[in-house]
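Everything below concerns the one structure shown next.
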Amino acid sequence: MSGKLISIEGGEGAGKSTVIATIVAALEQRGLRVQSAREPGGTALGEAVRELVLGPVHHGMSAEAELLLMFASRAQLVRERVLPALAAGEWVVSDRFTDASFAYQGGGRGIDAGRIAELERWAVGFKPDLTFLLDVCVDVGMERARGRGGAPDRIESEATSFFERARACYRQRAAAEPERFRVIDAGAPVEQVVAAVQQALHAWLATQS
Ligand code: Z5A
């Protein structure tokens, strides 16, 4: 089987970490070579960008600067890791990818989706082969994230309405591209979430060559 990119999306506290571990383990069990990455981040440059966009220092960051920084991190990840991995037949499981920019900078901050799509075409040039959307009520996700402790980062400090708009955008994108997206009820107990992801992954893998 040739290399593929799988992205995991969802709001804060949706449970992406557990799901990513499940997917990586399932792929490795099939004898596939798998790398995981996160966005923003995943490369030395991307991790520096992550510090800039999520750290507490740049409170006055404009929506446009935020979007471009997300794409700077992504452009580097794509060229430094994703494309070489896919070319070598490896699989990449990414904790967020371009859909997050549509959700947070588009839905959340109000940047026109057409502009984001232009950046996607130019700086990335492809979409993930499969995207899991872990969908959970904003309040439940925030409660879980709070339970984990630690101070909220710059984006986590946004109002609930920002995350509601991001969630709505994710759901609209999933509805518009049902072939690529698998929407998982991430409000369910973790064992159910993992079982639903495994089932959807195995069904999808059976269709791949
Ligand atoms: N961002 C952006 O704006 N634009 C972009 O283009 C990109 C990103 C790429 C960084 O993302 C931020 O950047 C993010 C979007 C923005 N800001 N926000 N919000 P991140 O993915 O690094 O940060 P995050 O979304 O805040 O991650 P998170 O809170 O760590 O979410 P998670 O990984 O999905 O959650 P988790 O750590 O797996 O689980 C959280 C807790 O809930 C933990 O204690 C679990 O044990 C618990 N949990 C998980 N699942 C369950 C279930 N099913 N039941 C009960 N408890 C559970």
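If only residues of segment 178-194 that are without any contact (Cβ under 8 Å) to a residue 24 or more places away in the chain and open to solvent by 50 Å² or more (accessible area, probe 1.4 Å) are counted, the one that is nearest to GLY107 (Cα to Cα) is PRO178.
For segment 118-141, filtering for residues that are more than 17 Å from PRO40 (Cα to Cα), within 16 Å of the chain's Cα centre (by Cα) and surrounded by fewer than 16 Cβ atoms within 10 Å (Cβ to Cβ) leaves 1. Residue count for segment 93-106 under the criterion of being open to solvent by less than 20 Å² (accessible area, probe 1.4 Å) and either of a type in the set (Asp, Glu) or touching a Cys at 6+ places or on another chain (Cβ under 9 Å) (or both): the result is 4. Could you give me the residue pairs with C-beta distances under 9 Å whose first residue belongs to segment 130-144 and is β-branched (Val, Ile, Thr), whose second residue is within 11 Å of the ligand (Cβ to nearest atom) and in a strand (DSSP E or B) wherever it lies, and which are 6+ apart or on separate chains? Listed pairs, sorted by first residue: THR131/SER7; THR131/ILE8; THR131/GLU9; VAL136/GLY10; VAL136/ASP185. Could you look through segment 107-117, keep only residues that are closer than 20 Å to PRO178 by Cβ and free of Cβ contacts under 8 Å to residues at least 60 places away in the same chain, and pick out the one that is surrounded by the fewest Cβ atoms within 10 Å (Cβ to Cβ)? Among those residues, the one meeting the criterion is ALA117. Of the residues making up segment 41-67, those that are open to solvent by 50 Å² or more (accessible area, probe 1.4 Å) and in contact (Cβ under 8 Å) with a residue 12 or more places away in the chain are LEU45, ARG50, LEU52, PRO56, HIS58, HIS59, GLU64.
Only one of the numbered conditions (1) open to solvent by 10 Å² or more (accessible area, probe 1.4 Å); (2) touching a residue at least 40 places away in the same chain (Cβ under 8 Å); (3) within 13 Å of the ligand (Cβ to nearest atom) is not met by MET70, and that is (2).
Can you confirm whether segment 153-164 contains a residue that is aromatic (Phe, Trp, Tyr), surrounded by 13 or more Cβ atoms within 10 Å (Cβ to Cβ) and touching a residue at least 60 places away in the same chain (Cβ under 8 Å)? Among the residues of segment 153-164, at least one is aromatic (Phe, Trp, Tyr), surrounded by 13 or more Cβ atoms within 10 Å (Cβ to Cβ) and touching a residue at least 60 places away in the same chain (Cβ under 8 Å), which makes the answer yes.
The values are calculated or read from the model by the stated rules, or taken from the named source; none is laboratory data. Because the structure is predicted, anything quoted here is derived from the model rather than measured. FYI the Cβ positions are ideal-geometry reconstructions off the backbone, even for glycines, and counts take in every protein chain you see. The protein model used for the area step is the full one, side chains on, heavy atoms only, and it has no ligands, DNA or RNA in it. Shrake-Rupley method; radii C 1.70, N 1.55, O 1.52, S 1.80 Å.
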